[in-house]
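These notes concern the structure reproduced below.
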Amino acid sequence: MGCLIDQCDSKILARGMCRKHYLRWYRHGDPLFVSNRKHYVAKGSESKSYKHGLWNHPLYGTWSKMMDRCYNVRCKAYKNYGGRGITVCDRWHDISAFVSDMQDKPEQSFTLERIDNDLGYSVDNCVWADKRTQARNRRMIKLSMEKANEIRSIPRRLKNGHGEGYTRQEIANLYGVSLATIKKVLSNSYWKQ
């Protein structure tokens, strides 16, 4: 047995009608209702509110948050970005230029990173980086992978003070980090090779 509507042989869902006709009756009160799609025109370049059309692009969220951090005083991160004078290059104020310069993320977990933290966002200063790389490229981080490797290669004095080289405390003072950091670098807990 099919739908009550003429020329429709679909399986009955409810009230003697198929799914399509039942939903039309439920939503509009008429099982034969067909919407007039003329008033559903998507926004396009002819619309006054059209700006870029990339609001659903995968990089839109990254671009939007970058602009907020640098220019929106109410953004929590503003003090660490715009408040420090970090800006976005004029070219990247247009999202389409940002998308064409940065391309897609190599992996979904990658985020936008500034190579030099004291410079703003621009093509020359930005790359996609993973969380580990991001964590190592912060203002407060005093070591780098190169410095960690240097520390591992420095000759060390024995615990009893005998022998040539430096104590762990002397190495810590030399690099301006804590003794605990030096111990973790030497044991390969931090800055793993």
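Every number here is computed from the coordinates shown, using simple stated rules; none is lab data. Owing to the predicted nature of the structure, the values given are computational and were not obtained by experimental measurement. Glycine gets a Cβ as well: all are built from the backbone with ideal geometry, and neighbour counts include every protein chain shown.
List every residue pair whose Cβ atoms sit under 7 Å apart, with the two residues 6 or more apart in sequence or on different chains, where the first one lies in the stretch 113-132 and is within 15 Å of Trp92 (Cα to Cα) and the second, anywhere, is basic (Lys, Arg). That search, which allows pairs on different chains as well, returns Tyr121/Arg114; Asn125/Arg114; Cys126/Arg114.
Residues in the stretch 135-153: is at least one in contact (Cβ under 8 Å) with a residue 24 or more places away in the chain, closer than 18 Å to Lys65 by Cβ and either of a type in the set (A, V, I, L, M, F, W, C) or surrounded by 13 or more Cβ atoms within 10 Å (Cβ to Cβ) (or both)? So far as the stretch 135-153 goes, yes, one or more of its residues are in contact (Cβ under 8 Å) with a residue 24 or more places away in the chain, closer than 18 Å to Lys65 by Cβ and either of a type in the set (A, V, I, L, M, F, W, C) or surrounded by 13 or more Cβ atoms within 10 Å (Cβ to Cβ) (or both).
Of all residues in the stretch 73-116, those being among the acidic types (Asp, Glu), under 14 Å from the mean Cα position of the chain (by Cα) and part of a loop (DSSP other than H, G, I, E, B) number 2.
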